[in-house]
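Taking it in order: structure first as structure tokens, then the write-up.
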There are 2 protein chains.
Amino acid sequence: MNLQTIYRGMKKNLREIETGLFEALKSDHIELQEASHHLLHAGGKRIRPVFVLLSGQFGSPSFAQLKSIAIVLELIHMATLVHDDVIDNAETRRGKPTVKAKWDNRIALLSGDYILACALQELCKFQDQRIHRVLSHEMLEMCRGEIEQIRDLYQAELTIHRYLQRIKRKTALLIMVSCQLGAMVSQTSEQVEQVLRSYGYYIGMAFQMIDDILDFTGTDKELGKPAGSDLKTGNVTLPVIYALKHLDPVKRKQIVDYLAHKGQSDNLTEVLEIVKTSGGIEFANQLANRYLHKALAVLDKLPKQKERDSLQRIAEFIVKRTY
Amino acid sequence: MNLQTIYRGMKKNLREIETGLFEALKSDHIELQEASHHLLHAGGKRIRPVFVLLSGQFGSPSFAQLKSIAIVLELIHMATLVHDDVIDNAETRRGKPTVKAKWDNRIALLSGDYILACALQELCKFQDQRIHRVLSHEMLEMCRGEIEQIRDLYQAELTIHRYLQRIKRKTALLIMVSCQLGAMVSQTSEQVEQVLRSYGYYIGMAFQMIDDILDFTGTDKELGKPAGSDLKTGNVTLPVIYALKHLDPVKRKQIVDYLAHKGQSDNLTEVLEIVKTSGGIEFANQLANRYLHKALAVLDKLPKQKERDSLQRIAEFIVKRTY
């Protein structure tokens, strides 16, 4: 089962959302439009729009509303990517040069602001204050997640608890909100909305854990950026936390030393190998699977309809994917 | 007439808004709170809250609503300042080190995002979609203004028209919106709202022109940042545009050369002197006064009440101020 098959029934709607994204970012300002369209052209899984579309089918969906909310969420996501690339000093994303690499940090900062402003303008189409409240709360939490990520950089003493808290803010909340808002704008029952919200949270957590594993196991080409980037840039993820806790002191010290040198040592390949053979990947996979099962379990509470199957298949794909 | 005298009747309300600003930026995240409170502690004229408060008095104001909208506007303003300092690589603002100087660019970028998210959360208190529309449109325009400013950096061939367009987006629109929203949340008549909006636009334009003049005529201490910063960082303002157009070719060439070296030459003092004696300061002052008179003229259309006098006095203060 690949993403293409799962997305099949939504193709037309996703194409319309794609057009909507380009339109939302249209500007008579060539630089702004180029920088933000650059990111759109690089593609992406558009997983947030997909969750919006599927969640909406459990109520009385209006495609216009689902499309708008999907555009808002994808734009917020894109804005954080552009600012993230400035913070991480990243050169490539999705196999293409980042905005900060192709232009510069200043343009990237402003493009992020611009994309966010476009999201807010699209959001104006909604009267329901609950939507505004959910999203603004979410954005605050995302900022907290970002700051936490900076504070935790190159720290060898991170706990799993801390890691989970961080990926929740960094990734899971926006996916959770995608499911919840898709339901909300389609007037599902309160109970269905909460189920979809929980599903989104669990699968968002699993999604980020797998992303963090792939940074160790994927190739540069599969990832669209250099493999091992996380460790190099000091983003201490689950496999590393596990390795630090379970390896013998000699190997442990090699990781600690690497982190202490803040990515400036030339033994990245060696340290990556230590982490890969520590059991950390398997541990992270197990935890991702636990979150997958939680996600699948809550789906049982939804009415039996084909979108429930799609949500199940996407969840399974997310945890099994290799890109 | 100084600002203290004009503000006198609003002291209590402004103090409450000040407390509200600190509360809006409260976080159990020490870094986020410290970085954003740092900016609050540095002070500022709080001119946007003042315009909100005064404009509201022409309708049926609720202080709670005026306070909220004032907080939203001041936070948006602050968020742009923090991001501006990253873009301009500025070390001091209001006599204190900038967030990017005291922490770093990454924290500054995220603090800006955080302050904006706090603004959006405060904004959630409002149901009226018109408020959301006005503000999101405004934020898009501000982004455009920022990008224009970057594109225009160190350009010797700028027109006055271009300068006016840039300061409109950079400054005038947010002041315009402050007056308009103060009126809107207080249910003034449509006509009064439009008058206040025009007043805000004119006085916002004059405000920025004077700011740009003070960068030439003020001292480091008065400005809270090094005098001549604009020219050094390539921000070509009205006095320079005038000088480039009216000076003899020899002096003109000195300015052009300075700009061509992108602030890396050591003859800043000399070039500043050339601009100061070119007649450019007087010209900019005249133009600021023209906008002042437009602002005063529209005030005549407001009902005669003490807030109209206050708006008049603030307008006059803004153009005569030396800090």
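The values are calculated or read from the model by the stated rules, or taken from the named source; none is laboratory data. Computed from a predicted model, the values in this text were never measured in an experiment. No Cβ is skipped: glycine too gets one built from the backbone with ideal geometry, and neighbour counts run over all protein chains shown. Surface areas here come from the heavy atoms of the whole protein model, side chains and all, with no ligands, DNA or RNA. Shrake-Rupley method; radii C 1.70, N 1.55, O 1.52, S 1.80 Å.
Results, tabulated for the structure shown:
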| item | result |
| --- | --- |
| Residue that is surrounded by the most Cβ atoms within 10 Å (Cβ to Cβ) [pool: residues in segment B:82-110 that are within 11 Å of another protein chain (Cβ to nearest Cβ) and part of a loop (DSSP other than H, G, I, E, B)] | B:TRP103 |
| Subset of segment A:140-175 [more than 9 Å from chain B (Cβ to nearest Cβ), over 14 Å from the mean Cα position of the chain (by Cα) and either on the phi > 0 side of the Ramachandran plot or of a type in the set (Lys, Arg) (or both)] | A:TYR154, A:ARG162 |
| Filter result (under 28 Å from A:LYS170 (Cβ atoms), away from chain B (no Cβ under 11 Å) and either touching a residue at least 24 places away in the same chain (Cβ under 8 Å) or buried (at least 18 other Cβ atoms within 10 Å of the Cβ) (or both)) within segment A:9-33 | A:MET10, A:ASN13, A:LEU14, A:ILE17, A:GLU18, A:GLY20, A:LEU21 |
| Failed criterion for B:HIS137 (all others in (1) within 10 Å of chain A (Cβ to nearest Cβ); (2) open to solvent by 20 Å² or more (accessible area, probe 1.4 Å); (3) part of a loop (DSSP other than H, G, I, E, B) hold) | (3) |
| Meets criteria (within 14 Å of chain A (Cβ to nearest Cβ) and either modelled with pLDDT under 95 or buried (at least 18 other Cβ atoms within 10 Å of the Cβ) (or both)) for B:SER36 | yes |
| B:SER62 being over 26 Å from A:VAL82 (Cβ atoms) and in contact with a Phe, Trp or Tyr (Cβ under 8 Å, 6 or more places away or on another chain) | no |
| Checklist (1) open to solvent by 30 Å² or more (accessible area, probe 1.4 Å); (2) of a type outside the set (Lys, Arg); (3) in a helix (DSSP H, G or I) applied to B:GLY145, failing item | (1) |
| Every residue from segment A:56-71 that is open to solvent by 60 Å² or more (accessible area, probe 1.4 Å) and closer than 14 Å to A:GLU190 by Cα | A:SER60 |
| Residues that are more than 15 Å from A:GLN254 (Cβ to Cβ), in contact (Cβ under 8 Å) with a residue 24 or more places away in the chain and open to solvent by 30 Å² or more (accessible area, probe 1.4 Å), drawn from segment A:264-288 | A:PHE283, A:ASN285 |
| Residue check, A:SER27 assigned to a helix (DSSP H, G or I) and either closer than 24 Å to A:TYR201 by Cα or of a type in the set (Ser, Thr, Tyr) (or both) | no |
| Among (1) at negative phi; (2) open to solvent by 10 Å² or more (accessible area, probe 1.4 Å), the one test that B:ALA117 misses | (2) |
| Odd one out for A:LYS294, checked against (1) in contact (Cβ under 8 Å) with a residue 12 or more places away in the chain; (2) over 30 Å from A:GLN180 (Cβ atoms) | (2) |
| Test for B:TYR199: is it within 14 Å of chain A (Cβ to nearest Cβ), touching a helix residue (DSSP H, G or I) at 6+ places or on another chain (Cβ under 9 Å), of a type in the set (Ser, Thr, Tyr) and crowded, with 19+ Cβ neighbours inside 10 Å | no |
| A:LYS245 being open to solvent by 70 Å² or more (accessible area, probe 1.4 Å) and touching a Phe, Trp or Tyr at 6+ places or on another chain (Cβ under 6 Å) | no |
| Condition met for B:THR188 (out of contact with any Phe, Trp or Tyr (no Cβ under 8 Å at 6 or more places or on another chain), over 16 Å from B:ARG48 (Cα atoms), touching a residue at least 60 places away in the same chain (Cβ under 8 Å) and of a type in the set (Ser, Thr, Tyr)) | no |
| Qualifying residues in segment B:51-81 (those that are touching a helix residue (DSSP H, G or I) at 6+ places or on another chain (Cβ under 7 Å) and not in a helix (DSSP H, G or I)) - the one nearest to the other protein chains (Cβ to nearest Cβ) | B:GLY59 |
| Residue in segment B:73-94 that is touching a Pro at 6+ places or on another chain (Cβ under 9 Å) and aliphatic (A, V, I, L, M) present | yes |
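Yes or no, residue by residue, for (1) within 30 Å of A:ALA284 (Cβ to Cβ); (2) touching a Leu at 6+ places or on another chain (Cβ under 7 Å); (3) open to solvent by less than 10 Å² (accessible area, probe 1.4 Å):
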| site | (1), (2), (3) |
| --- | --- |
| A:GLU141 | yes, yes, no |
| A:ALA156 | yes, yes, no |
| A:HIS161 | yes, no, no |
| A:ARG169 | yes, no, no |
| A:CYS179 | yes, yes, yes |
